[in-house]
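The values are calculated or read from the model by the stated rules, or taken from the named source; none is laboratory data. What you see is a predicted model, and the numbers here were worked out from it, not measured in a lab. FYI the Cβ positions are ideal-geometry reconstructions off the backbone, even for glycines, and counts take in every protein chain you see.
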């Protein structure tokens, strides 16, 4: 518990719970997409001890990624 003396009304509590659920659902949906982008070579991961992994565009594929991002039908399909 980060704030044991906190007070909130019903609306605040609902917002907090909905936000938490939304974040969790988006984490669950986004992780497989990031994994696919890494396996396809579009992203690289930098992992350091004690920190969460950082994702970044693979610099070797930057120009190709820029071209694909401009396609009207969307760039990639996992």
Residues of the range 1-41 being under 20 Å from residue 57 (Cβ atoms) and either assigned to a helix (DSSP H, G or I) or in contact with a strand residue (DSSP E or B) (Cβ under 6 Å, 6 or more places away or on another chain) (or both), in sequence order, are 30, 31, 32, 33, 34, 35, 36, 37, 38, 39
Please list, ordered by first then second residue, the pairs with beta carbon atoms under 6 Å, 6 or more apart or interchain, first in the range 29-51 and free of Cβ contacts under 8 Å to residues at least 24 places away in the same chain and on the phi > 0 side of the Ramachandran plot, second outside any helix (DSSP H, G or I) and surrounded by 10 or more Cβ atoms within 10 Å (Cβ to Cβ). 41/58
Taking the stated definitions as given, is residue 65 in contact (Cβ under 8 Å) with a residue 24 or more places away in the chain and either under 18 Å from the mean Cα position of the chain (by Cα) or in a helix (DSSP H, G or I) (or both)? no
Could you tell me which residue of the range 42-53 is farthest from residue 69 (Cα to Cα), considering only residues that are under 13 Å from the mean Cα position of the chain (by Cα) and either assigned to a loop (DSSP other than H, G, I, E, B) or modelled with pLDDT under 90 (or both)? 52
